[in-house]
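**Q** Have a look at the structure that comes next, please.
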Amino acid sequence: MSVAGPVTGWASEALEGIAADGLTRHLEPLESAQGPTVDIAGRRYVNFSSNDYLGLAADLDVVAGARTTAMRHGFGSGASRLIVGDSLVHQALEAALAKHFNAASALLFNSGYQANVGVLSTLAGEGDVVFSDALNHASIVDGCRLSRARVVIYPHCDVAALERLLGSTPARRKLIISDAVFSMDGDRAPLLELERLARAHGAGLVVDEAHAVGVLGPTGGGLCEELGVAPDVRVGTLGKALGGFGAFVLASKPVRGWLINQARSLIFSTSLPASTCGAALAALQRMATLPSLRERLWRNIHQFSDGLRQLGYPAHRDSAIFSVIVGRPERALQLSQQLREQGILAKPIRPPTVPAGTSRLRFALSAAHTTDQVRRALSSLSPGRGEGWGEGKISAP
Ligand SMILES: *Cc1c(COP(=O)(O)O)cnc(C)c1O
């Protein structure tokens, strides 16, 4: 039993402050599987808030990969990877990932969050400097903090500013880290330039491909594959386009060994269930053998991007993520609610996920969306369709 002691008082106080800022968050359970439509509280919505870019989260081959592995290996992994939580399935998945992504080695982590925290706190330490894009994901921010290195935040995608900072900051070692595709705006990092700067300054380069894996590159290998960039470390997640759970780090064998020996988020956490790895093997197979999934995703991206432009929003064609920035958090909530009344789910994104003043509706497209579903999302954004869309500034990425 828990008590309503002082902590409950602290909680009430904190929640009041959050509510006063219009930033209260709630959990909302799905009554259906993850997919292009989802059921919430008895109502069906077209879902534009999932990162299930290839529609693999409920793919029957992926589910079967989990089930057959669980029947053979049981469910729980019982211990951390280094104790007795490793298995042939974990090893097979790492070999398959290294092969698909053309890397010397792959190492699994329990999530992208844990991968970034583990990588940064291993690769950087006291006396080092990490150069981190201003819009990098929160897991990178937290990894930087844990590393005890000095963190220099450079303006978003500003190569010239980064070049100056690299030149003027003395350090034992320098590490550059960037998202490949930025999770809230959907734009791409200038990876060719980051690679050039890293080489010129003897810095290491880490690229987080969370929203690029499965979406970009001829085989879904991400933005690095698309541009032919070879950073020291790539981080990818199994939870987005690969429709499952967990993450992986692609690097040279010595870097893999360093992480195994030093990454605390790997060492001190129970390993992924083998069935999760079985699901990921099946998802990787689907991604590798079905380029049609990526083609369908890109057809939807183009349809949505063209439609946004016709509505007068400037829209990119960089990735599957589109944000309609509306400013105040209350406004994002209100507009999201209006879309819901039309059967469209685009969850509001508010600080601290995005900078203050840039609350937004974020749309993520999937290969599983139909042309008609994409059309419905666009029509819900038409000026005049929802109460008040005409008011205020609506700018897209
Ligand atoms: C989602 C995300 C992560 C975290 O990955 P999980 O596997 O969901 O923990 C890391 N980096 C970026 C850029 C992300 O968008």
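A short reminder: the numbers here are calculations on the coordinates, not readings from a lab. Source: prediction; values computed, not measured. Cβ: placed from backbone, ideal geometry, glycine included. Neighbour counts: every protein chain shown.
**Q** Jot down the radius of gyration and Dmax of segment 60-289, Cα atoms only, both in angstrom.
**A** 17.2, 57
**Q** At a threshold of 8 angstrom on Cα-Cα distance, excluding pairs fewer than six apart, so keeping six or more, what relative contact order does the chain reach in percent?
**A** Once normalised by length, the contact order is 22 percent.
**Q** Let me ask something additional. Springs between alpha-carbon pairs under 10 angstrom, Gaussian network model over the chain: which of Lys347, Lys253, Lys174 fluctuates most?
**A** Lys253
**Q** Check the straight Cα-Cα distances from Lys253 and name the aspartates and glutamates below 19 Å, setting aside those fewer than 8 residues away within the same chain.
**A** In chain and number order, the partners are Asp86, Glu94, Asp208, Asp232.
**Q** Please tell me the relative contact order of segment 60-289 in percent, rounded to the nearest whole number, where contacts are Cα pairs under 8 Å and at least six residues apart.
**A** The normalised contact order for segment 60-289 reaches 31 percent.
**Q** Out of all DSSP beta bridges in the chain, what portion is antiparallel? Express it as a percent rounded to 5.
**A** Counting only bridges with both partners in the chain, antiparallel ones make up about 55 percent.
**Q** Same structure, new question: Among the aspartates and glutamates, which have Cα under 12 Å from the Cα of Lys347 when same-chain residues fewer than 8 positions away are ignored?
**A** Glu28
**Q** If you filter segment 248-328 for trypsin sites (Lys or Arg not before Pro), then keep DSSP loop positions with at most 14 other Cβ within 10 Å, what is left?
**A** Those that pass, being in a loop and sparsely packed, are Arg317.
**Q** Hey, can you rank 215-222, 28-35 by average C-beta count inside 10 Å, highest first?
**A** For the peptides 215-222, 28-35, the packing ranking is 215-222, 28-35.
**Q** Can you list the trypsin sites (Lys or Arg not before Pro) in segment 1-108 that are in a DSSP coil and have 11 or fewer other beta carbons within 10 angstrom?
**A** Listed in order of number, the matching sites are Arg25.
**Q** Express as a percent, rounded to the nearest 5, the fraction of DSSP beta bridges in segment 41-192 (both residues included) that run antiparallel.
**A** Around 10 percent of the beta bridges assigned by DSSP in segment 41-192 are antiparallel ones.
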